[in-house]
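Asker: Questions regarding the structure given below will be posed in turn.
Computed from the coordinates by the stated procedures, all read-outs in this text should not be read as laboratory data. Just so it is clear, the model here is predicted, and its values are computed rather than measured. Here Cβ is always computed from backbone atoms with ideal geometry, including for glycine, and neighbour counts include all displayed protein chains.
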């Protein structure tokens, strides 16, 4: 059998999107997954498709990718549950409302539609938010998807174009011309893509990706309780803290009527067990915005590990020490959102053409602005 | 002494806490209370007795139905011992070592313990077949539980099916409650069931029970090697079809009481990190699990019925309270009781035909409406869960888990809190209670 | 003779002996459907012991109550799915 053009390590949503993008170019692809397709961070995450404004590069990537999701939404299967709920960034006080105005300007200047909600409009949009909040910013173009089924769809679509999926096989070493598996077999490839998320540094030593544990909890069915993805503006503080364990209000409606509640971030936590104290901090924070959630039944709680880089931007592109090795990892809490754009950028680079957005900010060879992570 | 806990965020401190107030839990609590240990029992039900002795009268009440002598004796022992009883409380989390969090109808309670005895019992195994989700199709123990809780059954036509000695016990109870039992269909082949019946002669109490049952059920068709293949009706059960492998018979009826033996409730043990052996909680001679200070008794250590539950409960209770000498006195009785347990397992093993009852559209996961055809393509429980939602509903896989294990050989995954759906406010309340109020808390 | 408890099921009054669970009261009142499944089919109590979650109804406005594990109290308002 001829060596594939591309071997993708990891069948999470990022690896799956890369495989699909490469397969669409007519490249022969083999995806190697040690456990389950879409079973790692992909299975744990919220599936919030969100255009972020915390940096120009983050905006660029997320906006591009959310657009790609919207274009794809018509062909996604029902079980991927793509739903254009929109996001409301919630402001608690006047200071945060000023921030909201700034956000609106940022988005407007770049062609992303938003709407400022004052206190009354916010209450109308989301009656279960507590009284006394200042308002918020509605971003109607944001959406929600169920990641494991979306990832499975990407893989299956790639398979229909000839991509081979190897499940239950673990890559232990990336070679100059391919990969070596745990069972000692070797698979040659023109190019290797390391899309192994939190495990990426194990295969490519020196990659600065660290696991960032998050907790989530899902409730029983309460249809209509929440209508949009609701995120507190303080979320950005939590997502940007480099060292402290933090929580932020982040709640998502699902088509089933269940509510998915996040979010939390911990550094240095290595075991995947649900920590009661962290869960409680997160739920208590949510309760500060939606007091009635206390009476809702939680049916499941779980954790996941985001792959975090020092500057919050993913690594998409060639690894300086091996020009046949590409990285597609480090997506932190935006892996679902930016999976499609990641695939697009990767395919562009493999095909030697310019991308729709500048790819320099995501190159693995870049110098990180924030030098240390504690 | 019974305390109904309704106020939120109470902490109760115990030397020995018993989770479950069925026979094993009652025996454990009684045994532990013989020492000067402070003993508590927590159970989701509104009173003691678990499933098999559901509806035990609380002190002062007259029983609604005549109680078996053994149940009445144990109830008296239990009620007269110095035991704090917390009913209507379901344990949902283990927030830190030595603490269990439980939720009640109105609030929550935090239970602080030095030693813990897990006596969480068992539940019925349900297998999917066309029509099994119709109102009117219940477990065998399920129908009995509902009748004991006040559901009228007099004159109703009932078919009892599935497997296990529970079927006969249920039939007996239903007859006394006035139901018309049309058929008892036991899937185990006749030769195995008859061998089992002769084994009972070695257990005098059981032989007597069995004879009594036979007499009481004279006239009720009891067919072995027979199993249900479909249930039907418009919006509720109207008929059941059974077969012995060749011919099929349709029986008009009001209720189908169908359960395929029992599976142990090991979720709390798994949450605590107890080691399992073939799906049961591993225990040593003194009923201690692999987690120090945590004991386990009764069905979770192996499905074995009432005698095993009682004797293991006593051993665990004495051991947890530090009285190993008294615990050892019951070792012989336990060996005898466990002998019965292995005979049970062998006799009522599920036949292969039961794997083929479900049609492609038959739902396997009832909480999330996942049909068989959606599951067949997946290679593991976790994969099926993520892709189809099977097992992600409120029952947390308690119904579909044993079914997919039998159908596909999928083993259950590790357990995370909450082990029962619980209100978010109960999580918060549990965390606020410090084990040691004097200790600094952030 | 046990005391009788008065409650409402789907707006209709019923009296049951004290100690009766809400699930048993629902069945006593002739109601066959406790809830509707994800795709709308009627469902009723299965396990009778609080593990299957098929007997969920709203009790005094609180959704998703396992009716087989709740004892009837005076004045309770029980609502099954339409």
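Asker: Cα axis of helix A:94-109 to longest principal axis of chain A: angle in degrees, 0 to 90, nearest 10?
Answerer: 50
Asker: Could I ask something else about it? Take the eigenvalues of the Cα gyration tensor for chain B, scale each by 5, and report the square roots as semi-axes in whole Å, largest first. Intermediate values should be presented prior to the final figure.
Answerer: Details: eigenvalues 248, 140, 85 Å².
Listed largest to smallest, the semi-axes of chain B are 35, 26, 21 Å.
Asker: Can you give me the Cα centroid spacing of region A:126-165 and region A:1-76 in angstrom?
Answerer: 13
Asker: Here's something else I'd like to know. Would you work out if region B:195-317 is rounded, prolate or oblate? Take a ≥ b ≥ c from the square roots of the eigenvalues of the alpha-carbon gyration tensor; rounded if a/c is under 1.5, else prolate when a/b is larger than b/c, oblate otherwise. Spell out each step's value before the answer.
Answerer: Values: a/c = 3.02, a/b = 1.67, b/c = 1.81.
Because a/c hits 1.5 or more and a/b fails to exceed b/c, region B:195-317 counts as oblate.
Asker: Under the definition of partner shielding as Cβ atoms of other protein chains within 10 Å of a residue Cβ, what is the mean value for peptide C:61-71?
Answerer: Across C:61-71, the average partner-chain Cβ count within 10 Å equals 5.
Asker: May I pose another question? In Å³ and rounded to a whole number, note down the convex hull volume per residue for the Cα atoms of region A:234-374. Can you show the working numbers first?
Answerer: Numbers: hull volume 21.1 nm³, N = 141.
Per-residue hull volume (Cα only) is 150 Å³.
Asker: Each label point is 7 Å from the Cα along the Cα-to-Cβ direction; what then is the distance between the points at residue B:325 and residue A:202, in nm?
Answerer: 5.4
Asker: Using Cα pairs closer than 8 Å and at least 6 residues apart in sequence, work out the relative contact order for region C:4-79, in percent.
Answerer: Details: 148 pairs, mean separation 29.4, N = 76.
Over region C:4-79, the number comes to 39 percent.
Asker: What shape does region C:4-79 take by its C-alpha gyration tensor, where a ≥ b ≥ c are the square roots of the eigenvalues and a/c under 1.5 counts as rounded, a/b above b/c as prolate, and the rest as oblate?
Answerer: On the way: a/c = 1.78, a/b = 1.51, b/c = 1.18.
Prolate is the answer for region C:4-79, as a/c is 1.5 or above and a/b outweighs b/c.
Asker: How many Cβ atoms of partner chains, on average, are near each residue of A:271-281 if near means within 10 Å of its Cβ?
Answerer: Details: counts 0, 2, 4, 5, 3, 11, 5, 1, 8, 9, 3.
What the average comes to for A:271-281 is 5.
Asker: For residue A:161 and residue A:322, what does the FRET efficiency come to when R0 = 25 Å and r is the distance between their Cβ atoms, rounded to the nearest 0.05?
Answerer: 0.40
Asker: Simple spin-label model, 7 Å along Cα-to-Cβ: residue C:60 to residue A:108 in nm?
Answerer: Output for this residue pair reads 5.1 nm.
Asker: Taking 0.36 nm per residue of separation and subtracting the Cα-Cα distance, what length does fully extending residue A:368 through residue A:227 add? Numbers along the way, then the final one.
Answerer: On the way: separation 141, 0.36 × 141 = 50.76 nm, distance 3.80 nm.
Extending this stretch completely gives an extra 47.0 nm.
Asker: Also, I was wondering about something else. What nm value, rounded to one decimal, do you get for the distance between residue A:173 and residue C:74 when each label is placed 7 Å out toward the C-beta?
Answerer: The answer from the label model is 8.0 nm.
Asker: I need to check one value: relative contact order of chain A, counting alpha carbon pairs closer than 8 Å and at least 6 residues apart, in percent.
Answerer: Relative contact order comes out at 23 percent.
Asker: Test of understanding: express the Cα radius of gyration of the protein assembly as shown as a ratio to 2.2 N^0.38 Å, with N the residue count.
Answerer: In units of the 2.2 N^0.38 Å rule of thumb, it is 1.00.
Asker: Based only on Cα atoms, what mean projected area does the convex hull of region B:61-201 have, in nm²?
Answerer: On the way: hull surface 51.9 nm².
One quarter of the hull surface, i.e. the mean projection, equals 13.0 nm².
Asker: Okay, next question. Determine, from the Cβ-Cβ distance of residue A:180 and residue C:15 and an R0 of 60 Å, the FRET efficiency 1/(1 + (r/R0)^6), rounded to the nearest 0.05. Spell out each step's value before the answer.
Answerer: On the way: r = 75 Å, r/R0 = 1.25.
It comes to 0.20.
Asker: Show that you can apply the helix-only estimate: for the protein assembly as shown, add -39,500 (n - 2.57) for every DSSP H stretch of four or more residues, divide by all residues, and state [θ] at 222 nm to the nearest 500.
Answerer: On the way: 25 runs with 258 residues, N = 898.
-8500 deg cm²/dmol, from helical runs alone.
Asker: Same structure, new question: Can you work out the base-10 log of I(q)/I(0) for region A:150-220 at q = 0.20, 0.25, 0.26 1/Å, using the Debye formula on its C-alpha atoms alone?
Answerer: With no solvent term, the Cα-only Debye profile gives -1.04, -1.21, -1.23.
Asker: Using all Cα-Cα distances in region B:304-407, what percent lands in each 10 angstrom bin from 0 up to the longest?
Answerer: Once binned at 10 Å, the Cα pair distances of region B:304-407 give 14, 29, 18, 22, 15, 2.
Asker: Any chance you could list the semi-axes, whole Å, largest first, of the equivalent ellipsoid that the Cα gyration tensor gives for region A:34-179, using √(5λ)?
Answerer: Details: eigenvalues 277, 58, 44 Å².
Here the semi-axes work out to 37, 17, 15 Å.
Asker: Convex hull over the Cα atoms of region B:126-260, averaged projected area in nm²?
Answerer: Numbers: hull surface 32.1 nm².
That works out to 8.0 nm².
Asker: Still on this structure: With angles folded into 0 to 90 degrees, how steeply does helix B:23-33 sit against the dominant principal axis of chain B? Use alpha carbons for both and round to 10.
Answerer: 20
Asker: Another question, if that's okay. Taking the Cα atoms of region B:83-154 alone, what are Rg (to one decimal) and Dmax (as a whole number) in Å?
Answerer: Every Cα atom of region B:83-154 included, Rg and Dmax give 17.2, 49 Å.
Asker: When the convex hull of the Cα atoms of region B:359-408 is projected onto a plane and the area is averaged over all directions, what value comes out in nm²? Mind dumping the intermediate values first?
Answerer: Details: hull surface 11.3 nm².
Average projection, Cα convex hull of region B:359-408: 2.8 nm².
Asker: Expressed as a rounded percentage, what relative contact order does chain B have, with Cα pairs under 8 Å and six or more residues apart?
Answerer: On the way: 947 pairs, mean separation 85.3, N = 442.
For chain B, the relative contact order is 19 percent.
Asker: Let me see the P(r) profile for region A:68-139: every Cα-Cα distance counted, bins of 10 Å, each bin given as a percent of all pairs.
Answerer: Values per bin, smallest distances first: 19, 39, 26, 15, 1.
Asker: So if the hydrodynamic radius of chain A is defined as the Kirkwood radius over C-alpha pairs, what does Stokes-Einstein give as its diffusion coefficient at 37 °C and 0.692 mPa s, in µm² per second?
Answerer: Values: Rh = 20.9 Å.
Rounded to a whole number, D works out at 157 µm²/s.
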